[in-house]
Each structure stands twice: as C-alpha cells, then as structure tokens.
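Presented below is the structure to which this report refers.
Read-outs: derived from the displayed coordinates by stated rules, not from any lab. Treat the numbers as computed from the prediction; the structure is a model and nothing was measured. Every residue, glycine as well, gets a Cβ built from its backbone with ideal geometry; the counts of neighbours run over all protein chains shown.
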C-alpha cells in the first residue's frame with residue numbers, strides 16, 4: 001500500500017503518460033476505494049497536475065507555458081496556411097467576422113484584403129497591423145491588456161468590448177482540444193476573452209491543425225458541441241473526425257500545401 005503523497009504522484013504520472021484515466025481504473029491499479037481516488041484527483045487538480053472530468057481525469061500540459069507568436073509561426077506552417085486559405089473561402093462579402101488571435105488566423109487575414117465589403121473584429125495586434133491599410137475593410141480592434149506572448153488583447157476591458165458586439169462568424173484559434181476537456185488554452189485571461197468571443201458569434205468556426213487534438217490546457221473556453229464548423233488539415237485522425245461529427249460539428253479538411 002502506497003503512502004498518500006506517493007500515490008498521488010503516481011496517479012499524476014499515470015494520467016500524464018496515458019492522457020486520461022477513469023476512477024475505477026485508478027482504484028484498481030492502486031488498490032484504494034473510488035472515493036479515495038476522487039479525493040486524490042481533486043487535490044491534484046487544485047495543484048494543477050491534471051484536470052478532472054466526469055468519471056476520471058485527463059492530462060494537462062506539463063509546464064502550462066505557451067510559445068510566443070513567433071515560435072508558433074513556423075510550427076506546421078504549411079498545414080496552417082492551407083487551413084487559413086480554406087477558412088478565408090468561407091467568408092462572404094458583407095460578413096461581420098471575428099478573427100481570434102493566432103498564427104492560422106493571421107495567415108487567414110492575408111487572404112481577406114481582396115474583399116470589397118467586410119467588417120473584421122480582432123483582438124490580435126498582428127492581424128490589426130496586417131489589415132490596417134486595407135481601406136475597404138471596416139476594422140474593429142478590441143482593446144484590453146496586451147499579452148506579449150501571443151500579441152493579443154485580453155482581460156476585462158477586452159471582454160466587455162467583445163460582449164457588446166455581434167458577429168456572423170468567429171474564427172477561433174485554440175491550443176488544445178479534448179473529448180472530455182473541450183477547447184482549452186493555457187492562460188486564464190485569454191480563455192475568458194475567447195469565451196466572450198464565443199458568446200458574441202452566431203457561428204463558431206474552429207481553425208486548428210491536427211497537432212492540437214487530444215490535448216488539454218489549463219483554462220477552458222468551450223465544449224466541442226459549442227463549435228459549428230471545424231476547419232483542420234488532413235493529418236486529423238479519422239477517429240477525431242467521427243468524434244466531431246458525432247457532436248454535430250461540420251468538418252472541413254484542408255489538403256496539401258496552401259498556394
């Protein structure tokens with residue numbers, strides 16, 4: 001029989017290695033009652049070692065640190081550019097769209113300059129700079145506190161500004177997507193601002209490359225069922241396509257490199 005702290009450490013390591021575990025599974029593995037496991041999971045969640053779900057727990061990012069915008073820009077770049085092109089093709093003249101802060105949405109913004117009548121709302125400094133000289137685009141920039149890591153405006157000021165708006169389509173960037181954990185991001189203020197975006201939108205369109213799936217970060221943004229359409233790349237496993245479609249999410253795959 002393990003001592004309490006050693007058992008908790010092993011539970012955290014087990015969940016981190018496998019991505020998820022159920023309460024009965026952990027109870028059998030460590031030969032304790034399910035109530036003890038639930039108590040351990042509660043303590044481990046408070047220590048930010050994992051995230052509890054209905055019936056068990058899922059792993060969280062080990063360091064909960066987020067790469068900078070420039071660091072993320074080169075990761076899966078061809079996939080992101082293909083997703084961005086496909087996402088831009090779903091925008092129509094006269095739309096009011098929200099472009100969340102992210103590298104994929106930044107690439108997407110580059111394809112919107114040919115529109116003659118378009119309103120773009122964003123909390124991204126990079127997207128604002130990209131579209132700032134496109135006089136035919138009505139650009140609305142949400143104020144707030146600048147996050148230097150992501151070059152995004154977040155916090156209560158941004159949240160209140162976003163909640164006062166209504167957009168046709170939100171193109172949402174995200175760090176992690178999990179069946180139980182939903183859509184998550186490492187920074188709590190950024191998660192709150194993204195939640196405000198979701199509430200402001202008629203249609204939520206997730207733009208995320210395949211590397212984001214099967215992961216959990218600290219701050220929850222939304223459930224998978226809150227998404228209407230997911231645009232991703234053809235590296236997405238078929239099991240995830242079925243999972244998204246089962247939640248009522250339309251899935252569009254961007255194939256090959258963007259031109």
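In degrees between 0 and 90, to the nearest 10, how far off the longest principal axis of the chain does helix 4-18 point, with axes built from Cα atoms?
Value to nearest ten degrees: 40.
Helix 188-200 sits at what angle to the longest principal axis of the chain, using alpha carbons and giving 0 to 90 degrees rounded to 10?
The angle comes out at about 60 degrees.
What distance in nm separates the two pseudo spin-label positions at residue 18 and residue 211, each 7 Å out from Cα along the beta-carbon direction?
In this crude label model, residue 18 to residue 211 measures out at 2.7 nm.
Restricting to the chain, compute how many DSSP beta bridges are antiparallel as a %, nearest 5. Intermediate results must be reported in sequence, preceding the final value.
Values: 17 of 43 bridges.
Counting only bridges with both partners in the chain, antiparallel ones make up about 40 percent.
Could you work out which residue, out of 225, 239, 124, moves most in a Gaussian network model of the chain, that is, has the largest mean-square fluctuation with Cα springs under 10 Å?
Highest fluctuation of the listed residues: 239.
Could you work out how far apart the two model spin labels at residue 199 and residue 239 are, taking each label as a point 7 Å from the Cα in the direction of the beta carbon, and quote it in nm?
3.5 nm
Give the distance, in whole Å, between the Cα centre of the range 228-250 and the Cα centre of the range 74-146.
23 Å
So how do 212, 242 line up by other beta-carbon neighbours within 10 Å, fewest first? Provide the component values of the computation, followed by the final result.
Working: 212 22, 242 11.
Result, fewest neighbours first: 242, 212.
Tell me, in nm to one decimal, what length is gained between residue 9 and residue 31 on full extension, where the rule is 0.36 nm per residue of separation less the Cα-Cα distance? Working shown, then result.
Numbers: separation 22, 0.36 × 22 = 7.92 nm, distance 1.50 nm.
Gain on extension, residue 9 to residue 31, equals 6.4 nm.
Please tell me the relative contact order of the chain in percent, rounded to the nearest whole number, where contacts are Cα pairs under 8 Å and at least six residues apart. Numbers along the way, then the final one.
Details: 533 pairs, mean separation 44.2, N = 259.
The normalised contact order for the chain reaches 17 percent.
In degrees, nearest 10, range 0 to 90: what is the angle between the Cα axis of helix 77-88 and the longest Cα principal axis of the chain?
That works out to roughly 60 degrees.
For the chain, treating each Cα as an identical point scatterer without solvent, what Debye log10 I(q)/I(0) comes out at q = 0.10, 0.14 1/Å?
The calculated log intensity ratios at q = 0.10, 0.14 Å⁻¹ are -0.52, -0.92.
If the elastic network links every pair of Cα atoms under 10 Å, which of 76, 213, 98 fluctuates the most in the Gaussian network model of the chain?
76
Please report Rg over Rh for the range 4-59, where both radii come from the alpha carbon positions and Rh follows the Kirkwood definition. Working shown, then result.
On the way: Rg = 9.4 Å, Rh = 10.6 Å.
Ratio value, two decimals: 0.89.
For residue 47 and residue 2 in the same chain, what is the full-extension length gain: residue separation times 0.36 nm, less their Cα-Cα distance, in nm? Before the final figure, lay out each step's value.
Numbers: separation 45, 0.36 × 45 = 16.20 nm, distance 1.97 nm.
This chain segment gains 14.2 nm when fully extended.
Take the Cα atoms of the range 91-174, find their three principal axes, and give me the spread along each one in whole Å, biggest first.
Sorted from largest, the Cα extents of the range 91-174 read 32, 25, 23 Å.
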